1. Rounded, prolate or oblate: which fits region 59-128, taking a ≥ b ≥ c as square roots of the Cα gyration tensor eigenvalues, rounded meaning a/c under 1.5, else prolate when a/b beats b/c?
2. Hey, can you rank 129-135, 74-80 by average C-beta count inside 10 Å, highest first?
3. Using the per-residue mean of other Cβ atoms lying within 10 Å as a proxy for protection, in what order, highest first, do the peptides 109-116, 88-95 fall?
4. List the residues, sorted by chain then number, that are 5 or more residues from Leu110 or on another chain and whose placed amide H is less than 5 Å from its amide H.
5. Work out, step by step, the length gained on full extension between Thr98 and Asp58: first 0.36 nm times the residue separation, then minus their alpha carbon distance; give nm to one decimal.
Amino acid sequence: MGEDHIDRESLVVTGRHSEIPKPAVSIEEKNAGVVIVVTQAFGPKGDNIVGISDVKFDGFSAVTVGVRSGGREGLVHLSPIHGDSRKEGDIDPGPGATCELFCPVSKEPLDILGETDDGSGAKYCAIYLTSKLSQGNVVMLSNVWGHYHSRIIDDTELISYWATQDHD
């Protein structure tokens, strides 16, 4: 992991990222490579979930999701930088715990998009990149704590994929 907290060994960025206009995703070319930052995101009812707290990562506003697990509930503020495992929050279910992820504004569960492709049984949950709530513009998050599998799909094209389970 580089000094910028991005797990570049487990992050794959496709060549299509530079061709797609990004109102919801910022693509920055840096010395160490491409950095993808989610700049707007929406829950299942269209509520904005970026910047609803004061938490920032490297100057970028956090993406906030609700987490229910083991009879407890809390908020987790995720780094909006794809491939960055940093998070802050008031709940820590522990590695391997299956969680229900929900919108912190509407309290509605995030939409389930299907299972991850690694055979773990973890499911992808949707954070939409536009208020139109299209599955063609989405961040897909794993619902298992510590199972760092996520994808960013924009204009139905995969632009970034992050898959590893070796994080703290």
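Read the figures in this text as sums done on the coordinates, not as results from a lab. Only a predicted model underlies this, so the values are computations on that prediction, with no experimental measurement involved. Note that we place each Cβ from the backbone using ideal geometry, even for glycine, and neighbour counts take in every protein chain shown.
1. On the way: a/c = 1.35, a/b = 1.17, b/c = 1.15.
Rounded.
2. On the way: 129-135: 15.1, 74-80: 21.1.
So the peptides 129-135, 74-80, ranked by packing, come out 74-80, 129-135.
3. Working: 109-116: 15.9, 88-95: 14.1.
Those peptides, ordered most packed to least, come out 109-116, 88-95.
4. Leu101, Phe102, Cys103
5. On the way: separation 40, 0.36 × 40 = 14.40 nm, distance 2.86 nm.
So the chain would gain 11.5 nm between Thr98 and Asp58.
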